[in-house]
Amino acid sequence: MLVKELERQLGVRLFERTTRAVTLTDAGRLLQPYAERVVTELRQLGLALQGSSSASRSTLTIAATPVIATCLLPKVVAEFARKHPEVRIQVMDGSLDTVRQAVLEGHANMGMAFFVKPAAGLLRESVCRFRLMSISPGERRRSKQIQSRSWKSLDGLPMIALPISNPIQALIDKHLPSAKASQDERAEMNFLGTMIAMVKAGLGNAVIPSFMMEECQQHGLNIAMLTEPAVHLNMYVALRRGADRQLAETQFIEALRAHIATSDDLA
C-alpha cells in the first residue's frame, strides 16, 4: 500500500510486476539510492533516540562521608533533581575508606570527601577549600561572631580529635603545638559531628574545617579561624581514573560548585 501511494504521489511506476517476479523500473532504479539513504538515516535516528532514552533513565550514585552527606548533599541533590528529573540520584554514606572503595570498585560514579592524600586509581577534582578553625564551648544562644586565634594559643588545652590515622587529623597535628605529647590524653572520635557534640558538652576543644561552621553556630559554640599560619583543606570529588564520564556526572559537579559558590552558609 505504501509503495502504491508513493507511485501515485510521484506519478511514475517504480516496479514492474508480473506473476513471476517484481523488478525495478528505470524510475525505481533512479529512486533506489535515495531510499537507501533515507533508511540509513532512520536507523541512525532510532539508535540516537534509544541512547537518549537510556540516558533519561540513568542513575547517578554518589558516595560521601557522613558530614558531607548530611550537611551538603541534601540541598544540592534537591536542586539537581528539580533541574534534571531524568536522572535518578542515589547517595551512599560511609567512612573515607568506604567512599574510596565504592568509587574504585564501580559501585559509585563519584565520591565526595576531604581526600587529603591522592589515591591510586582515583582522579581528584577540587570543588572548594575551607579554612581550619577551632571550636570551644560557648554560650547557649547562637553567636555568629567569628574571631581568630593562633595555633600556639591551643597549647595545653584539652582537645577532642579524630583518630591519628585520619588524614585530616594528620594535617592538624602538623600545626598543633605539642600534638604528639597530647595524643595519649586527648579524646578521639571517628566523626566530625560527634566532635562538635562533645565540645558542646564542655569536654574539650577541637579543630575542624570551616565547612561545619553553620552547625557550630547553631550549637552556640565559640568559633575562631586559626592563623599563623592559615591552613586550608580541599573538598574533592573523586572519579575512577580511566572511566568514561557520564554527562550527568559533569552536570552534577557543575551544580555542586554553583551551590557552594552562592551559599551564604558555606561562603
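Starting with the fewest neighbours, write out CYS71, CYS216 ranked by other beta-carbon atoms found within 10 Å of each beta-carbon. Walk me through the numbers on the way to the answer.
Details: CYS71 17, CYS216 22.
Least crowded to most crowded, the residues run CYS71, CYS216.
Taking the Cα atoms of the chain, report the difference between the largest and smallest coordinate on each principal axis, in whole Å and largest first.
105, 38, 27
How big is D, in µm² s⁻¹, for segment 71-121 by Stokes-Einstein at 20 °C and 1.002 mPa s if Rh is the Kirkwood radius over C-alpha pairs? It would help to have the intermediate numbers written out before the result.
Working: Rh = 12.3 Å.
Diffusion coefficient, whole number: 174 µm²/s.
Counting other C-beta atoms within 10 Å, which of ARG88, ARG29 has the fewest, and how do the rest follow? Present the calculation step by step, with values, prior to reporting the outcome.
Values: ARG88 14, ARG29 11.
Listing ARG88, ARG29 from fewest to most nearby Cβ atoms yields ARG29, ARG88.
Work out Dmax and Rg for segment 64-191 from the C-alpha atoms and quote the Rg first, both in angstrom.
When restricted to the Cα atoms of segment 64-191, Rg and Dmax are 17.9, 55 Å.
So if a site counts as exposed when it's one of the GluC sites (Glu not before Pro), its DSSP state isn't H, G, I, E or B, and it has at most 15 other Cβ atoms within 10 Å, what's the longest stretch of the chain without one? Please report the intermediate quantities before stating the final value.
Working: sites that count: GLU86, GLU105, GLU139, GLU185.
Result for the longest clean stretch: 1-85.
Per residue of the chain, what 222 nm ellipticity follows from adding -39500 (n - 2.57) for every DSSP H run with n ≥ 4, rounded to the nearest 500?
Details: 10 runs with 108 residues, N = 267.
After summing the helix terms and dividing by residue count, I get -12000 deg cm²/dmol.
Provide the net charge surrounding MET225, with neighbours chosen by a C-beta distance below 12 Å and charges set as Lys +1, Arg +1, Asp -1, Glu -1. Each step should come with its number before you reach the end.
Working: positive: ARG131, ARG149; negative: GLU228.
Residues close to MET225 contribute a combined charge of +1.
For the chain, modelled as a GNM with alpha-carbon contacts under 10 angstrom, which of ARG100, ARG124, ARG20 fluctuates the most?
ARG20
When Lys and Arg each count +1 and Asp and Glu each count -1, what net charge do the other residues less than 15 Å away from GLY193, Cβ to Cβ, add up to?
Computed value for this residue: -3.
Amide H neighbours of SER58 under 5 Å, counting only residues 5+ apart in sequence or on other chains, H built in-plane at 1.01 Å?
ARG88
Could you tell me whether segment 143-238 comes out rounded, prolate or oblate from its Cα gyration tensor? Rule is a ≥ b ≥ c as square roots of the eigenvalues, rounded for a/c under 1.5, then prolate if a/b exceeds b/c, otherwise oblate.
Judged from the Cα gyration tensor, segment 143-238 comes out rounded (a/c under 1.5).
Expressed as a rounded percentage, what relative contact order does the chain have, with Cα pairs under 8 Å and six or more residues apart?
Details: 403 pairs, mean separation 62.6, N = 267.
That works out to 23 percent.
For each of THR65, THR25, count neighbouring Cβ atoms within 10 Å of the residue's Cβ, then give the residues from fewest to most. Don't skip to the answer; put the middle values down first.
On the way: THR65 21, THR25 14.
Lowest count first: THR25, THR65.
Quick one: Cα centre-to-centre distance for segment 60-131 and segment 184-226, in angstrom?
Answer, in whole Å: 23.
Just LEU73, LEU132, LEU31 to compare: in a GNM of the chain, with alpha carbon springs under 10 Å, which one fluctuates most?
Its mean-square fluctuation being the largest, the pick is LEU31.
Using a cut-off of 10 Å between beta-carbons, work out the net charge of the residues near MET110 (Lys and Arg +1, Asp and Glu -1, MET110 not included).
Values: positive: ARG240, ARG245; negative: GLU125, GLU249.
Residues close to MET110 contribute a combined charge of 0.
No lab work stands behind these numbers, since they all come straight from the coordinates. Here the structure is a predicted model, which is why all the values come from computation and not from measurement. Reconstructed Cβ throughout: ideal geometry from the backbone, glycine too, with neighbour counts over all protein chains shown.
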